[in-house]
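S.K.: I am attaching a structure below and will ask some questions about it afterwards.
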Amino acid sequence: MRNQWLYFYWGIVTIKVTGNGLERFINRLTTNGILIWDVKKHGYEMVTFKMSLKDIKKLKQVVKNSGCKVTFLKRTGLPFLIRRLFKNSGFMAGVLIFFMCLFILSNMIWGIEIKGADPATEHKIRKELDAIGVKKGKLQFFVEEPEGIQRAVMNAIEEVTWVGVELLGTTYHLQVVEKNVPEEPEKLGPQNLVATKKAVIVDMFVEEGQPKVDVHDYVKPGQLLVSGQIGKEGKTKSVSAKGEILGETWYKSEVVLPLESNLQVFNGNEIRKYSLRIADFPIPIWGFKDHNFKTFEKETKEDKFKFLKWELPIVYVQDTYRESEQVKKLYKNDEAIEVAKEMARADIKNELPEDAIIKGENVLRQTIQNGKVYLIMHFQVNENIAKSYPIIQGESE
């Protein structure tokens, strides 16, 4: 029978009819527009069939003066299922509450494990986690993603070089790498120290080896600074030359800055929408108002629901729409020159090692034409210019 599933929602009744004139009774059902199926004859005076619950009133009219007796054998379908659920509402409510509690408990934070940190650092990390809401008993989808927790901990705790955050089940696992971890000294063979770039020597700290240059000497790339050959002539030995040779080096940075530029900035207006996504079907639960932003950026945060150790195909989604707008930035001439200088300094700092120090700066060229600032700056930098170079057997200095 086609579309029998529709009758499940309306309700299905299994009927037994007994008596004489069963064929006439069946014909009267058809005449009155009553649809029946699964008709089965049991002897000469009994037949069973199924029909829709919505046609029961029509059935009563057919039964009158038919000489047949009707008995209801079975009731199936959604209306009867709902009726049975209401009869057992106490039991069903208990089952529902049990599964809701189990579901909520499966999505709570029940443990925070920290490995690789000493007690003092671990205490600081736990205080920071508590401050950002990562604590036992809190629902996971109200907590930052592991990447956000990682950034917060690394920015707040100076003693931490790196931290890995992973959520396994209901427990957050943090693997910490602290700063100042002692490293095993590298075993080096015989080597010299040579210059890496043009410079004027400003200071020398030689731990081992024979210096070949003095302060105020001008050196070129590849020039020998500290020899790994020590001792008097005829009684020399090769060592690993160690030390720092600080030299004054020179850098040049060129910057072009428009006096007028367009910047894309957020103006503070935002709209948040919350929904549940079951499989690929979204169900809005809060924030139904559509935004009318002309330009905006969308940020989406997703948290999967869990039941015990299994991930459910249900996702809690938070969409944030932030309005942005173009702001025209117009620099005055002197203001633009200062901004260009800061850009030049930032460019140089990106090229230099961390321990390098900028000792001086000079503007070589500064012009404003065609709505742009053209700036060339010269920098004097003190940095370690020494580089180790292995001594090859038989090689002379």
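S.K.: Of the residues in the range 352-374, how many are touching a residue at least 24 places away in the same chain (Cβ under 8 Å), assigned to a strand (DSSP E or B) and out of contact with any helix residue (DSSP H, G or I) (no Cβ under 8 Å at 6 or more places or on another chain)?
M.R.: Qualifying residue count, the range 352-374: 5.
S.K.: Follow-up. Considering 293, 305, 379, which residue is at pLDDT below 85 and out of contact with any Lys or Arg (no Cβ under 7 Å at 6 or more places or on another chain)? Step through it out loud before you land on a result.
M.R.: Details: 293 fails: at pLDDT below 85; 379 fails: at pLDDT below 85.
So the residue among 293, 305, 379 that is at pLDDT below 85 and out of contact with any Lys or Arg (no Cβ under 7 Å at 6 or more places or on another chain) is 305.
S.K.: Is it the case, given these coordinates, that residue 262 is out of contact with any Gly (no Cβ under 7 Å at 6 or more places or on another chain), free of Cβ contacts under 8 Å to residues at least 12 places away in the same chain and farther than 30 Å from residue 168 by Cα? So that I can check it myself, show each step before the final result.
M.R.: Details: out of contact with any Gly (no Cβ under 7 Å at 6 or more places or on another chain): yes; free of Cβ contacts under 8 Å to residues at least 12 places away in the same chain: no; farther than 30 Å from residue 168 by Cα: yes.
It is false that residue 262 is out of contact with any Gly (no Cβ under 7 Å at 6 or more places or on another chain), free of Cβ contacts under 8 Å to residues at least 12 places away in the same chain and farther than 30 Å from residue 168 by Cα.
S.K.: If a residue has to be among the basic types (Lys, Arg) and either at pLDDT 90 or above or not in a strand (DSSP E or B) (or both) to count, how many in the range 207-241 make the cut? Don't jump to the end; show me each part of the working.
M.R.: Step one: of the range 207-241, the residues among the basic types (Lys, Arg) are 212, 220, 232, 235, 237.
Next, from what is left, pick out any that are either at pLDDT 90 or above or not in a strand (DSSP E or B) (or both): 212, 220.
Residues in the range 207-241 being among the basic types (Lys, Arg) and either at pLDDT 90 or above or not in a strand (DSSP E or B) (or both): 2 in total.
S.K.: Give the number of residues within the range 3-29 that are among the polar types (S, T, N, Q) and either modelled with pLDDT under 85 or more than 18 Å from residue 69 (Cα to Cα) (or both). Spell out how you get there, then give the answer.
M.R.: Residues of the range 3-29 among the polar types (S, T, N, Q): 3-4, 14, 18, 20, 27.
This time we only want the ones that are either modelled with pLDDT under 85 or more than 18 Å from residue 69 (Cα to Cα) (or both), so: 3-4, 20.
Residues that pass the stated criteria total 3.
S.K.: I would also like to ask the following. Look at residue 314 and say whether it is part of a strand (DSSP E or B), of a type in the set (A, V, I, L, M), farther than 30 Å from residue 196 by Cβ and within 32 Å of the chain's Cα centre (by Cα).
M.R.: Values: part of a strand (DSSP E or B): yes; of a type in the set (A, V, I, L, M): yes; farther than 30 Å from residue 196 by Cβ: yes; within 32 Å of the chain's Cα centre (by Cα): yes.
The answer is yes for residue 314.
S.K.: Right, residue 177: touching a residue at least 60 places away in the same chain (Cβ under 8 Å) and surrounded by 13 or more Cβ atoms within 10 Å (Cβ to Cβ) or not? I'd like the intermediate steps shown before the answer.
M.R.: Numbers: touching a residue at least 60 places away in the same chain (Cβ under 8 Å): yes; surrounded by 13 or more Cβ atoms within 10 Å (Cβ to Cβ): no.
So residue 177 fails the test.
S.K.: Further, regarding this structure: Does the range 62-82 hold any residues that are in a helix (DSSP H, G or I), surrounded by 12 or more Cβ atoms within 10 Å (Cβ to Cβ) and under 52 Å from the mean Cα position of the chain (by Cα), and which are they?
M.R.: First, pick out the residues of the range 62-82 that are in a helix (DSSP H, G or I): 62-63, 78-82.
Narrowing further to those that are surrounded by 12 or more Cβ atoms within 10 Å (Cβ to Cβ): 62-63, 78-81.
Result: 78, 79, 80, 81.
S.K.: Starting from the range 117-144, take each residue that is under 18 Å from residue 107 (Cβ atoms) and list its partners that are among the aromatic types (Phe, Trp, Tyr) and part of a loop (DSSP other than H, G, I, E, B), counting only C-beta distances under 7 angstrom and pairs at least six apart or across chains.
M.R.: 136/110
S.K.: Suppose we keep only residues that are hydrophobic (A, V, I, L, M, F, W, C) and assigned to a helix (DSSP H, G or I) within the range 136-152. Which one would you say is surrounded by the most Cβ atoms within 10 Å (Cβ to Cβ)?
M.R.: We begin by selecting, within the range 136-152, every residue hydrophobic (A, V, I, L, M, F, W, C); these are 139, 141-143, 149, 152.
From what is left, the residues that are assigned to a helix (DSSP H, G or I) are 141-142, 149, 152.
Details: 141: 16, 142: 12, 149: 21, 152: 18.
Checked the range 136-152; the qualifying residue surrounded by the most Cβ atoms within 10 Å (Cβ to Cβ) is 149.
S.K.: Taking residue 120 and the conditions (1) of a type in the set (A, V, I, L, M, F, W, C); (2) modelled with pLDDT under 85; (3) loosely packed, with under 11 Cβ neighbours inside 10 Å, which numbered condition does it fall short on, given that it satisfies the others?
M.R.: Residue 120 satisfies every listed condition except (2).
The values are calculated or read from the model by the stated rules, or taken from the named source; none is laboratory data. The structure presented is a predicted model; accordingly, all values stated were derived computationally and were not measured. Cβ atoms come from the backbone with ideal geometry, glycine included; neighbour counts cover every protein chain shown.
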